[in-house]
Amino acid sequence: MRVLVTGAYGFIGAHIVAALVAAGHDVVCAVRGARVDTRFPGLAAIACDMARDLRSDDWLPRLAGIEAVVNCAGILRERGADTFAAVHEQAPLALFHACVQAGVRRVIQISALGHADDGAFIASKHRGDAALAALPLDWLVLRPSLVYSARGSYGGSSLLRAMAGLPGLLPLPGRGGQPLQPIAAEDVGAAVVAALARPQVAGDVLELVGPDVLGLRDYLRAWRRWLGFGRAYALAVPAPLVRLACALGEQLGRGPLGNTMARMLERGNVGAAGAIDRLRERLGLAPRSLQCALAEAPSQVQDRWHARLYFGLPLLRVSIAVLWLGSGVVGWLTPPAEVAVAAPGSSLSAGSLLALARATASIDLLLGALCLLRWRPRWVLGAMLAMLLGYTLGIGIAWPAHWLDPFGGLLKNLPLIAALALLLATEERR
């Protein structure tokens, strides 16, 4: 079967694509234009934009030869044109209307487990589900709980792994008693494969949950044992601090820490009674327990590195931003006389040196602010690295004595150059 998968490069979407390919389906990945053909190079990929493709005419050409559609697209927070209304409601509805027009009967919607009062993310997802249910299609809505994988992580699953891997410390929002019913991402993929094999299972909403209800404390401890780390002191984090951190993450960050994660950390995430029985009955699916899934995929060194360094990269980014801002402030506050003294033997006039110092200070302030706001991070980090290399090389040529000083410009800048190179290498292309 030829299947179009939207959000195919996301954490859940990628596992669904992998499961479909393993089952012999012909998959077409619908992803943002800038990322086409980067994660599954051997598969067909088409560009789309869930923030702007809001008419059925936008989707009709993409449905040529398609026999089924799996919509995995979703966002955890709104930013610019990426709004819950557009990504979770308007664009999917346009796609679903296009399916009606193109004769694509089978549509599977990957939604989210929760209640409408859990916030805008869940509410918009469920409104998208309701819009699909009103159309003459063989639709099926799947609502996964907390999704994890022992073979990789992203977003919220990475954050929880990092919390579990902190040295000597296990932070627990509240006291860590929030109930969770996690499901392996591989089992979510298996559910989609089973749904395509059972076209008679339609017009239904199924909750994708694991067999066990765990407290957040037990969930984190299971991951800590899997990572191979020793015992840790459990630190109860008061709810107001959790809300504050999530509110800051919502405003400043691009990662998973935000309002959606805050509600899960406060209220937990479990399915209705009998959800597992319905999965067995309707799809023949028996999701694995967390213990079983972890036992099937032992942790590797890269898992431990990722867990331990997860919080380090944001701290490094903030430190570099503050350093650049500080450099800009110093550049503007340095008196003109001291600017001239700092460049002995220069062929430039005092006025030119002052103008150059003020200009570079302004650039430092701009780049520091953009780095802190994470605006086009690859571009900003690249500009910082280019400036630093140019500055280091320029000083070496203009004032060779600096090269002879063991604490001169080159050696002083090497750690910062390495830090910028690391951030640039790990920054995801957007």
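The values are calculated or read from the model by the stated rules, or taken from the named source; none is laboratory data. Predicted model only: the values in this text are computed from it and were never measured. Here the Cβ positions follow ideal geometry from the backbone for every residue, glycine too, while neighbour counts run over all protein chains shown. In case anyone asks, the SASA skips ligands and DNA or RNA and just uses the protein heavy atoms, side chains included. Shrake-Rupley method; radii C 1.70, N 1.55, O 1.52, S 1.80 Å.
If you check 87, 27, 70, 3, which single one turns out to be β-branched (Val, Ile, Thr), modelled with pLDDT of 95 or more and within 16 Å of the chain's Cα centre (by Cα)?
Values: 27 fails: within 16 Å of the chain's Cα centre (by Cα); 70 fails: within 16 Å of the chain's Cα centre (by Cα); 3 fails: within 16 Å of the chain's Cα centre (by Cα).
Just one listed residue meets the conditions, 87.
Criterion first (touching a residue at least 40 places away in the same chain (Cβ under 8 Å), surrounded by 14 or more Cβ atoms within 10 Å (Cβ to Cβ) and out of contact with any helix residue (DSSP H, G or I) (no Cβ under 6 Å at 6 or more places or on another chain)) does residue 201 satisfy it? Spell out the reasoning first.
Working: touching a residue at least 40 places away in the same chain (Cβ under 8 Å): yes; surrounded by 14 or more Cβ atoms within 10 Å (Cβ to Cβ): yes; out of contact with any helix residue (DSSP H, G or I) (no Cβ under 6 Å at 6 or more places or on another chain): no.
Judged against the criteria, residue 201 is not a match.
Tell me the residue from 11, 96 that is among the hydrophobic types (A, V, I, L, M, F, W, C) and within 19 Å of the chain's Cα centre (by Cα), please. Talk me through it step by step, then tell me what you get.
Numbers: 96 fails: within 19 Å of the chain's Cα centre (by Cα).
From the options 11, 96, the qualifying one is 11.
Looking at the range 158-171, is at least one residue polar (S, T, N, Q), surrounded by 17 or more Cβ atoms within 10 Å (Cβ to Cβ) and farther than 18 Å from residue 307 by Cα? Show your work before the answer.
First pass over the range 158-171, keeping only residues polar (S, T, N, Q): 158.
Keeping just the survivors that are surrounded by 17 or more Cβ atoms within 10 Å (Cβ to Cβ) gives 158.
Of the ones still in play, those that are also farther than 18 Å from residue 307 by Cα are none.
Checked the range 158-171: no residue is polar (S, T, N, Q), surrounded by 17 or more Cβ atoms within 10 Å (Cβ to Cβ) and farther than 18 Å from residue 307 by Cα.
Which residue pairs have Cβ atoms closer than 6 Å, lie 6 or more positions apart in sequence or on different chains, and pair a first residue in the range 108-137 that is under 20 Å from residue 191 (Cα atoms) with a second residue that is open to solvent by 30 Å² or more (accessible area, probe 1.4 Å) and modelled with pLDDT under 95?
Once the first residue is under 20 Å from residue 191 (Cα atoms) and sits in the range 108-137, its partners that are open to solvent by 30 Å² or more (accessible area, probe 1.4 Å) and modelled with pLDDT under 95 give 126/116.
How about the range 193-214: which of its residues are in contact with a strand residue (DSSP E or B) (Cβ under 7 Å, 6 or more places away or on another chain) and in a helix (DSSP H, G or I)? Reasoning before the result, please.
Let us first name the residues in the range 193-214 that are in contact with a strand residue (DSSP E or B) (Cβ under 7 Å, 6 or more places away or on another chain), namely 195-196, 199, 201-210, 213-214.
Scanning the range 193-214 gives 195, 196.
Select from the range 234-247 the residues that are surrounded by 19 or more Cβ atoms within 10 Å (Cβ to Cβ) and of a type outside the set (A, V, I, L, M) and list them in ascending order.
246
Six or more apart or on different chains, Cβ under 7 Å: which pairs go from a residue in the range 311-322 that's open to solvent by 60 Å² or more (accessible area, probe 1.4 Å) to one that's at pLDDT below 90? Could you list them?
If the second residue must be at pLDDT below 90, the pairs left are 318/372.
Check whether at least one residue in the range 337-354 is surrounded by 12 or more Cβ atoms within 10 Å (Cβ to Cβ) and modelled with pLDDT of 85 or more, and report yes or no.
No - not one qualifying residue is present in the range 337-354.
For residue 250, work out the one condition from (1) at positive phi; (2) modelled with pLDDT under 85; (3) open to solvent by 30 Å² or more (accessible area, probe 1.4 Å) it doesn't fulfil.
Only one criterion is unmet by residue 250, namely (1).
Going by the conditions given, is residue 66 under 24 Å from residue 184 (Cβ atoms) and touching a residue at least 60 places away in the same chain (Cβ under 8 Å)?
No, not satisfied.
With crowded, with 16+ Cβ neighbours inside 10 Å, among the basic types (Lys, Arg) and outside any strand (DSSP E or B) as the only criterion, which of 217, 231, 175, 225 stands out? Give the derivation first.
Values: 231 fails: crowded, with 16+ Cβ neighbours inside 10 Å; 175 fails: crowded, with 16+ Cβ neighbours inside 10 Å; 225 fails: crowded, with 16+ Cβ neighbours inside 10 Å.
Every option except 217 fails the conditions.
Mind checking which residues of the range 1-35 are part of a loop (DSSP other than H, G, I, E, B), free of Cβ contacts under 8 Å to residues at least 60 places away in the same chain and buried (at least 18 other Cβ atoms within 10 Å of the Cβ)?
Just the residues of the range 1-35 that are part of a loop (DSSP other than H, G, I, E, B), to begin with: 1, 7-10, 23-25, 32.
Then drop every residue that is not free of Cβ contacts under 8 Å to residues at least 60 places away in the same chain, which leaves 9, 24, 32.
Within the range 1-35, 9 is the sole residue that qualifies.
Residue by residue through the range 231-262, note down the ones that are free of Cβ contacts under 8 Å to residues at least 12 places away in the same chain and in contact with a helix residue (DSSP H, G or I) (Cβ under 9 Å, 6 or more places away or on another chain).
231
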